[in-house]
Amino acid sequence: MRAIAIDRFGGPEALGLRALPVPAIGPDEVLIRVEVAGVGEWDPFEREGGYAQLLGREPRFPYVLGSEGAGTVAAVGEQVRRFREGDRVYALGFLNPKGGFYAEYAAVHSDLVSSLPGDLTVEQAGVMGGVGITALRGLDDMLGLKQGESVMIFGASGGIGHMAVQLARRMGARVLAVASGDDGTALAERLGADVAVDGRKDDVLAAARAFAPEGLDAALLTAGGEAAEKALLAVRDGGRVAYPGGVQPEPLARPAVQRRSYNGEPDADIIARLNGLIAGGPFEVHIARTFPLAAAAEAHLALGAHYLGKLALRVD
C-alpha cells in the first residue's frame, strides 16, 4: 500500500511517500480502505516525537501518522459482528501500533469504528473523529453542561471549537463563540452560536458579561493566552472551565472557578454519544482544505497558518 511514513522524528520534511505492507488484522479488528484522513492539530507533535517521549514509548519505524480517517471496510476479524466488507465507516486510532490513517489501509479495533453518522459525507466523517470526541469530552464529561446554561467556546472557529459550538447547542446550552477573524465569527454564527465575537480585536470580557450578566456557567478553551485568561473573568463563582491537554499557555482562573484539563480519549461509549448528537439534524464539519496524500508535508505546514475547521488528506 501507499503510505506517508517517517523514518525518524523531525519536521515536515521527514514525511515521505512509501510502499509498505498492508497491516494484518487481529480477531477484534477491522481493516479499512482509507479514502480520507484527518490532519490533526496534534499531528506535528507526534511527528516530532513528542508523544513517544511523553509516554515513554519506543517508536517503530517506518512510522505512519494519522489518528482519524474514513473509508470502506476491506476485511473484518473473526470476532467482529457489527461490520462487514463494503460498509462505509469512520474510525479513530490515536497512536495505533499498527499504523495510522496516512495510508491506503488501516487496521483498527472494532470498538473505535463506526458507521457514518447523520448525513455526513465520508470526507467530513474522516476528519471529525478526534475533534468531535475532544469537544464532547470537554462539554459533557468535564463541564457537565446542562440545558439552559451559558457556555463560552474559546477558539470556536478551529477544529475542536466549531464542533463544540454545534454540540453545545444540541445539548441545549446558550453559546458565546470566541472565534478568529471575520471569517471565523461568520462560521460560528452559521453553526448556531447565539453570539460570536472576534478574539483578536473585540473586547471578549465585555461581550461575555453582556451575554451572561450573572456570569458564565462554563467555558471550553481550545486556545490559551492573555485574551483567554481575561475572558475567564466572566465565569461566575462555582463555574467550570475545561481545556484539552496541550493548550498553551495553560489557562488560569481564580480559585472560585473549577478548572480541569483533559484528554480526548476515544471509546465506544463516547463515539455512540457523538453519533447520536450529530444525527439530531443538519451538522457541518467544516473542511478548509483537502490535500492529496503525497502532499502531507504541505498539509502540516498549513496547520501553522490561519484556517477554519479542519484540514484533510485525500488518500484514494
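Of the residues Val165, Val175, Val241, Val247, the single one that is surrounded by fewer than 24 Cβ atoms within 10 Å (Cβ to Cβ) and within 21 Å of Val131 (Cβ to Cβ) is Val247. Within region 202-219, the residues that satisfy the criterion of being farther than 21 Å from Ile160 by Cβ, in a loop (DSSP other than H, G, I, E, B) and out of contact with any Gly (no Cβ under 9 Å at 6 or more places or on another chain) are Asp203, Ala212, Pro213, Glu214. Only one of the numbered conditions (1) over 26 Å from Ile153 (Cβ atoms); (2) assigned to a strand (DSSP E or B); (3) touching a Leu at 6+ places or on another chain (Cβ under 7 Å) is violated by Tyr90, and that is (1).
Which ones in region 49-68 are part of a strand (DSSP E or B) and either under 19 Å from Ala272 (Cβ atoms) or open to solvent by 70 Å² or more (accessible area, probe 1.4 Å) (or both)? Within region 49-68, just Glu68 meets the criteria.
Conditions (1) open to solvent by less than 30 Å² (accessible area, probe 1.4 Å); (2) in contact (Cβ under 8 Å) with a residue 24 or more places away in the chain; (3) in a loop (DSSP other than H, G, I, E, B); (4) closer than 23 Å to Ala272 by Cβ, marked per residue:
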{"site": "Phe9", "(1), (2), (3), (4)": "no, yes, yes, no"}
{"site": "Gly86", "(1), (2), (3), (4)": "no, no, yes, yes"}
{"site": "Leu95", "(1), (2), (3), (4)": "yes, yes, yes, yes"}
{"site": "Pro117", "(1), (2), (3), (4)": "yes, yes, yes, yes"}
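Taking (1) in contact with a Ser or Thr (Cβ under 9 Å, 6 or more places away or on another chain); (2) open to solvent by 10 Å² or more (accessible area, probe 1.4 Å) in turn, Ala74 satisfies each apart from (1).
Can you confirm whether Val257 is β-branched (Val, Ile, Thr) and at pLDDT 95 or above? Yes. Is one or more of the residues making up region 25-47 closer than 23 Å to Ala268 by Cβ, in contact with a Pro (Cβ under 9 Å, 6 or more places away or on another chain), modelled with pLDDT of 95 or more and open to solvent by 70 Å² or more (accessible area, probe 1.4 Å)? No, the conditions are met nowhere in region 25-47. Criterion first (among the aromatic types (Phe, Trp, Tyr) and over 22 Å from the mean Cα position of the chain (by Cα)) does Phe211 satisfy it? Criteria met by Phe211. Exactly one residue out of Gly159, Gly132 is in contact with a strand residue (DSSP E or B) (Cβ under 7 Å, 6 or more places away or on another chain) and under 16 Å from Lys310 (Cα atoms), and it is Gly159.
Mind checking whether some residue in region 127-141 is over 15 Å from the mean Cα position of the chain (by Cα) and open to solvent by less than 20 Å² (accessible area, probe 1.4 Å)? Scanning region 127-141, I find no residue that is over 15 Å from the mean Cα position of the chain (by Cα) and open to solvent by less than 20 Å² (accessible area, probe 1.4 Å), so the answer is no. Scanning region 254-271 for residues that are hydrophobic (A, V, I, L, M, F, W, C) and without any contact (Cβ under 8 Å) to a residue 24 or more places away in the chain yields a total of 1. Within region 263-270, identify whether any single residue is surrounded by 19 or more Cβ atoms within 10 Å (Cβ to Cβ) and assigned to a strand (DSSP E or B), and answer yes or no. No, the conditions are met nowhere in region 263-270. Does Ala223 satisfy being touching a residue at least 12 places away in the same chain (Cβ under 8 Å), in contact with a Phe, Trp or Tyr (Cβ under 9 Å, 6 or more places away or on another chain), farther than 22 Å from Gln166 by Cβ and outside any strand (DSSP E or B)? In short, no.
Please specify each residue of region 271-289 satisfying the condition of being open to solvent by 60 Å² or more (accessible area, probe 1.4 Å) and closer than 21 Å to Ser180 by Cβ. Within region 271-289, just Arg289 meets the criteria.
The one condition from (1) touching a residue at least 40 places away in the same chain (Cβ under 8 Å); (2) under 17 Å from Ala168 (Cα atoms) that Ala228 does not meet is (2). Checking each residue in region 226-243 for being assigned to a strand (DSSP E or B) and either out of contact with any strand residue (DSSP E or B) (no Cβ under 9 Å at 6 or more places or on another chain) or closer than 23 Å to Val285 by Cβ (or both) picks out Asp237, Ala242, Tyr243.
The values are calculated or read from the model by the stated rules, or taken from the named source; none is laboratory data. Note that this is a predicted model, so its numbers are computed, not measured. Here Cβ is always computed from backbone atoms with ideal geometry, including for glycine, and neighbour counts include all displayed protein chains. Accessible surface areas use protein heavy atoms only, side chains included; no ligands, DNA or RNA. Shrake-Rupley method; radii C 1.70, N 1.55, O 1.52, S 1.80 Å.
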